Each structure stands twice: as structure tokens, then as C-alpha cells.
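Read through the structure below, which is laid out as C-alpha cells, and then see the notes.
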Amino acid sequence: MSATTASPQITAHRGERSRLSFGGVLRSEWTKLRSLRSTRWSLLVAFIAMAGLGPLIAAVTMAHWNSLSPVERATFNPIDRSLGGYRLAQLAIGVLGVMVISGEYTTGQIRSSLMAVPRRLPVLWAKLLVFSAVSFALMLIAALISFYASQAIFTQHHVNVTLGSPHVLRTFVGTLLFMTVTGVLCTGLGTIIRSTAGSISAYVGLMFVLPGISAILPSNISDAINPYLPSTAGTGIARPFPAAHAFSAWGGFALFCGYTVVTVVIAAYLLRRRDA
Amino acid sequence: MIEVKELSKHYGEKVAVSDLNFTVKPGVVTGFLGPNGAGKSTTMRLILGLDAPSHGSATVNGRPYREHDAPLHEVGAMLEARAIHTGRSGYNHLLSLAQTHGIGRARVQEVIDLVGLESVARKRVGSFSLGMGQRLGVAAALLGDPATVVLDEPANGLDPEGIRWIRNLLKGLAAEGRTVFLSSHLMSEMEQTAEHLIVIGKGQLIADTSVEQFVSQASAGAPVRVRTPDAARLSEALAGSGARVADADDGALEVSGLAAEQIGEIAAAQRVVLHELTPLQVSLEDAFMSITKDSVEYTQTAGTGVNS
């Protein structure tokens, strides 16, 4: 830090007077996202999980193929095995989705952000757009790697499929959509709850704990509520075949999107109304 | 220009700001004084649209802050210095703010140079000292070359050289015709920087006046120092005219309740020789203390030091 007692350059040299625009807010959110270490780590974890878990499981399964039971071999699912990395990747995406906004609340950054964009809502929309685009693009690359690497390994025992095989393309796209919408849901939760720990707890509770609680209920109750659980509704589209006690793939996904929209609407209302 | 009209803010039962009315004019540095908890920060947050008023309004350059097309060009603000994500570099923090308004990278570098953070701008803000964080906050406030500058405790954490730097900077901004509004609890600092004062206590306006007037008002009842070889006789005469006379440590008398002129005339009438007759000027610090002493939220209680 050098001494600056000399007459300072306060006035900016600019031609046209710049102004606040949504494009500018998008660029700002991109800068914010890429300039944090936590972003890079979360996205790296999500990428490795999505790209690596499928081929790893594929390799292990092929190595043990001869010891699998005939039933296991007959029901072997090469789609799910190649894209199953989303089960771990979704957690990294969800946590990052929360931190995109909760990190601003816990550090006080939100006040700088809202002073620059005092109408507030553009900040939320820009965060959702930038984060969705980044996580979708990254997961698309990771899923392609995972799918083709796994299918190449499956050729050892000729159980491989292609993107053109039945259910494959829908499952592939569905996996990406589920993770992307999970990120949006989590940014909504982070905006409502504002603390990182609280928001991540809410996310984990909704997606991972609720199904566990449902599972210990009497089965007629459990079967009745199961389709409505966000996890069941959301992951249907990422499964090649529908689970028991679940809506159709797209029907469930529509419900999951509905939950997300409600969350984001509440988040937008609170962001606009609350003191920052 | 900042205009605050009938501004009130309650947080539940607690009244933070109550029916404030004042105007901050361009071209001078206006100081915003008040004890801790008086509502200074709340008022600034209300001006900047971070909190919504319970009643009344605050406008900047004629409009509520929120309604400007280019808010960063209207007002540059630093509230708490640490309204910054600690994981980001100072450069990227400023860049992200600049980008919302399409302000270029050249300007970002310019404000970094202006506040003297060239050497650390690429480091994470979490590693910054208090003073560096303060400078980064000032850089962010100046990013949009704003017509109005609002700073909450800008001198906090700065070393003496930094304090002189910010004082000159603020005076320079005002001289350019900008509106400069800053809060500080450092009264001595305010005395050297501000020309106009807005004083609040317990969320209410106490004074809206020039620094000079504020001091002279508070000095009205200030004592006069009198030095005389015949202290006993003069004391008696002064006390007879209704003055209170106290003995200062160095043998001088401190007389309250009479102006210097009256004391001189009484001394002349008594044929008492005076060696000194000085009306005591109250410093801004003392003026502030005496005017706000009724509205201090937390008063130290003298005594045991054991508090419940």
C-alpha cells in the first residue's frame, strides 16, 4: 500500500455515461461466480463425481461380471450405471447453489450487491441464469464423458447401449435437467434462509432425509406420499424406468419444477421486501 | 443532494430512527454525528434503500435511490467496510460492481490506484487489514464517479497518514461540487473535515448546523479562565454577582455564569489586577458530549466494575 497524498484522480474518464442493465448484472454475476475458490472446488467435485463415478462402477462391474448372479446379469441396467454419478454430483451442485447467495449474506457482500442493483430482483434472476447455465454446461460435458467411457467398458460383455437406445436420451437429458433444477431450488432456499448451514440443512432434509422418514412409515402411507416427495418427483426423469409409487418421469419432473418455482417466488418476494 | 423527510424506522418495538428531517447539500462535507446506537447507520441504510422506512422518505438527487437508472453514478457508498465477500480479490469485487453498470476495467484500475491498493488488489479480501478494507470500500464508493458520496465511519482503522489522506480526498470531492455525507465517532476528525453537522441521538435530530455554530452554541455556557494575584477578593465579588467560581489546578479561577466582559468590569470596579481573562472554547468533542449526554444509549455506570 503506497502513500497516496497526491491529488487523486477522482473523476472517471468515460465517454458515454454507463448505466445499470440486466446484461451488466449477468456479467457481474459471472465474475462473482468464477472468482471464488469455493465455486471452483464445488464444480470440480461435481464434475469428477459426474464424469468419474460411472466409468469406475462400470469397470468394477465388468471385472466381477462372471461372479454376478444370472438375475443380476439379466436385469443389468447400463443406462443408470453409466449416469449414476449424479447421485453424488447433485450434492455438490446443491451446496454451490446455496452458497451462490448465502455466501453473500454471511459476508455482508449482499449489501454491496444490492446497492449496485437496488431493484434487487435482477440480482436473483442473474444468479439463477448464470449458475444454471454453468452447471448445465459442465454437467453436460461430464455426463458425455461418463456415458461414453462407461459404454466403452460395457462392450467387454456386450451389455452396452447407445444414446439412440430406448429410454437413453430421455434419461441422459433428464439427469442434466434434474441437477440444474436442483441448483435453482437451492439458490431459492439460500435466498429465503440466508445462512449457509441452515440452507444446506434444508436441502439435505428435503432431498435425502424425507425419503428416509417416509420409508419407516406404514407402507400404505409411505406409498401414498412417496410420489410427492421432491426427491422422488425430481429423480424420476433421471431413471431409465419408473420407480414403484412414483409419477411418470415427466409428470414427476413437472411437480419438482413446481416446488422449485414456488420456492423461487417466495425467495423473490422476501428478497424484495426484507431489509438487507 | 440528500433529502430526508419525516423518516422513521422501527424494528419491532425498537425505534431506530424517529421523524428525521434534514437536507445534505452539495459542495460541502457534511458530518453525521451521534453516539453509538443513535441511528446513524440505519439512516444511511434507509437513504440507500437497503432498509425500507416505516414512515417518511429519503431521496437522493431528487429521487428514491432505487429509482435511478444508474445508481452507482448517483451515489457512491461505503456502509460497513466489510460488505465484501472475503473469498474474492479486491479487483474482482470492484469489477463485479463495475460490470452491473457497464463501467470498464480501466476505471476499476483507476480507483485501485486512487486508494493506493495496487500491490494487494489481486489478493483475497480476507487477508486485508482493517485499513486496506476501508480503502477498498472507498474505492467501491468512487467507482461510478458519483455525484453524492455516503461514507459510514470512513476513518475507522486507518493510520494517521490514511486519515489525512481520506480527509483531503473528501474535501476534494466536496470542492468539486459533490455532496459528501460521512458519519464518524471521531469528533476531532469531524472538526477538521466537516463544515456542516447533523447530530442525532436516540434516533432524533439534535442539531443541524455549521461546525462553527455548533461549537459556539455549546461554548455559550463555557467557563472563563481568570488569573489574578488577588483571587480571594475577586472570587467573592464574582460570587456576589451570581457567578460560580472554581479553582483550577494551576491557581487560576474558572468562572461560569458570567461573560468575559462582565468579569472584566467587575474586576475593574474592585480594582483587582487581572493577568489573564480567557473565554474557554469548547472542542467539538466536548460540545458533542454535552449536547448528546441525554441521549446516550449505553452509559457507563461508575463504580464496582462488576456488571450484571
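The values are calculated or read from the model by the stated rules, or taken from the named source; none is laboratory data. Every value quoted in this text rests on a predicted model; they were computed, and no experiment measured them. For neighbour counting, all protein chains shown are included, and Cβ atoms are generated from backbone atoms with ideal geometry for every residue, glycine included. Ligands, DNA and RNA are excluded from the accessible area calculation, which covers all protein heavy atoms including side chains. Shrake-Rupley method; radii C 1.70, N 1.55, O 1.52, S 1.80 Å.
Between the C-alpha center of the stretch B:210-285 and that of the stretch B:152-167 there is a gap of 37 Å.
Across peptide B:165-171, the mean count of Cβ atoms from other chains lying within 10 Å of each residue's own Cβ comes to 2. Each peptide among B:266-274, B:108-116, B:187-195 gets the average number of other Cβ atoms lying within 10 Å of its residues, and from highest to lowest they stand as B:108-116, B:187-195, B:266-274. In a solvent-free Debye calculation with one equal scatterer on each Cα, what is log10 I(q)/I(0) for the stretch B:145-207 at q = 0.15, 0.21, 0.22 Å⁻¹, listed in the order of the q values? Summing over Cα pairs of the stretch B:145-207 leads to -0.47, -0.89, -0.97.
Each of B:Met289, B:Ser89, B:Ala218 was scored by the projection of its Cα onto the charge dipole of chain B, and the greatest displacement toward the positive side belongs to B:Ser89; charges sit on the C-beta of Lys, Arg, Asp and Glu. Across chain A, Cα-Cα distances exceeding 26 Å account for 51% of all pairs. Extension gain for the segment A:Val173 to A:Ile225, taken as residue separation times 0.36 nm less the Cα-Cα distance, is 16.1 nm to one decimal.
In this structure the protein assembly as shown gives 44 Å² per residue of accessible area when probed at 1.4 Å with all protein chains present. Association of chains A and B removes close to 4400 square angstrom of accessible area from solvent, both sides included, for a probe radius of 1.4 Å. Taking a ≥ b ≥ c as the square roots of the eigenvalues of the Cα gyration tensor, the stretch B:79-182 is classed as oblate, since a/c reaches at least 1.5 and a/b does not exceed b/c. A crude spin-label estimate for the pair A:Trp41 and B:Thr23, with each label 7 Å from Cα along the Cβ direction, gives 5.4 nm.
Its relative contact order, with pairs defined as Cα atoms under 8 Å and 6+ residues apart, puts chain A at 22 percent.
Which of the pairs B:Lys25/B:Lys202; A:Lys127/B:Lys5; B:Lys40/B:Lys171; B:Lys9/B:Lys171; A:Lys127/B:Lys40 have their Cα atoms more than 27 Å apart in this structure?
The answer is A:Lys127/B:Lys5; B:Lys9/B:Lys171; A:Lys127/B:Lys40.
Dipole check for chain A: with +1 at the C-beta of Lys and Arg, -1 at the C-beta of Asp and Glu, and the Cα centre as origin, the magnitude is about 1020 Debye.
Note on the stretch B:2-217: antiparallel DSSP beta bridges, both residues inside, total approximately 55 percent of the bridges counted.
Element breakdown for chain B at a 1.4 angstrom probe: carbon and sulfur atoms account for 50% of the accessible area. Summing charges over all other residues whose Cβ lies under 14 Å from the Cβ of A:Ala246, with Lys and Arg as +1 and Asp and Glu as -1, gives 0.
Evaluate the relative contact order of the stretch B:94-228 (contact order divided by residue number), counting alpha-carbon pairs under 8 angstrom at least 6 apart; express in whole percent.
16
In terms of packing, defined here as the mean over residues of other Cβ atoms within 10 angstrom, the peptides A:68-74, A:176-182, B:220-226 line up highest first as A:176-182, B:220-226, A:68-74.
Length gained on full extension, B:His55 to B:Gln192: 45.9 nm, using 0.36 nm per residue less the C-alpha separation. Here the Gaussian network model covers chain B, with springs between Cα atoms less than 10 Å apart; of B:Lys40, B:Lys123, B:Lys25, B:Lys123 fluctuates the most.
Antiparallel beta bridges, as assigned by DSSP with both residues in the protein assembly as shown, represent about 65 percent of the total such bridges.
For B:Leu197, the residues whose amide H sits under 5 Å from its own are B:Gly31, B:Thr209, B:Ser210, B:Val211, ignoring neighbours fewer than 5 places away on the same chain, with H placed 1.01 Å from N. Karplus-based coupling profile of the stretch A:249-256, in residue order and whole Hz: 3, 6, x, x, 5, 4, 5, 4, with θ = phi - 60° in 6.51 cos²θ - 1.76 cosθ + 1.60 and x standing for Gly or Pro.
Note on the stretch A:129-198 and the stretch A:203-260: Cα centroid distance 18 Å, given to the nearest whole angstrom. For the stretch A:84-126, heavy-atom accessible area (probe 1.4 Å) falls by no less than 20 Å² from the chain alone to the full protein assembly at A:Thr107, A:Gln109, A:Arg111, A:Ser112, A:Met115, A:Ala116, A:Pro118, A:Arg119, A:Arg120.
Taking Cα centre as origin and charging only the Cβ of basic (Lys, Arg, +1) and acidic (Asp, Glu, -1) residues, the dipole magnitude of the protein assembly as shown rounds to 2920 debye.
Taken one residue at a time, the phi angles of the stretch A:105-118 give Karplus couplings (6.51, -1.76, 1.60, θ = phi - 60°) of 6, 6, 9, x, 3, 3, 5, 5, 4, 7, 6, 6, 10, x Hz. Gly and Pro are set to x.
The local environment of B:Ala194, defined by Cβ-Cβ distances under 12 Å, has a net charge of -2 under the rule Lys, Arg +1 and Asp, Glu -1.
Taking all Cα pairs closer than 8 Å and separated by 6 or more residues, the relative contact order of chain B comes to 21 percent. The modelled label-to-label distance between A:Ile266 and B:Ser210, using points 7 Å beyond Cα along the C-beta direction, is 5.7 nm.
For the stretch B:223-280, give the magnitude of the charge dipole about the Cα centre (Cβ charges: +1 Lys/Arg, -1 Asp/Glu; no others), in debye to the nearest 20.
My answer is approximately 140 debye.
In the neighborhood of B:Ala147, defined by Cβ-to-Cβ distances under 11 Å, what is the net charge if each Lys or Arg adds +1 and each Asp or Glu adds -1? Summing Lys and Arg as +1 and Asp and Glu as -1 gives -2.
Each of A:Cys257 and A:Ala197 was given a label point 7 Å from its Cα along the Cα-to-Cβ line. The distance between the two points is 3.7 nm. Per-residue mean of foreign Cβ neighbours for B:138-151 is 2 (Cβ atoms of other chains, 10 Å radius). What residue among A:Val204, A:Ala215, A:Ile110 has its Cα farthest toward the positive end of the dipole of the stretch A:38-273, where the charges are +1 on Lys, Arg and -1 on Asp, Glu, each on the Cβ? Towards the positive end, the residue furthest out is A:Ile110. Remark on B:Ser89: its backbone amide H falls under 5 Å from those of B:Val125, a criterion applied only to residues 5 or more positions apart or on other chains, H modelled at 1.01 Å from N.
Report note on the peptides A:260-270, A:29-39: ranked by the mean count of other C-beta atoms within 10 Å, highest first, their order is A:29-39, A:260-270. Dipole of the protein assembly as shown (Lys/Arg Cβ +1, Asp/Glu Cβ -1, origin at the Cα centre): which of A:Ser69, B:Val24, A:Ala126 lies farthest to the positive side? The residue sitting most towards the positive pole is A:Ser69.
Within 10 Å of the Cβ of each residue in B:70-80, the mean number of Cβ atoms contributed by other protein chains is 4.
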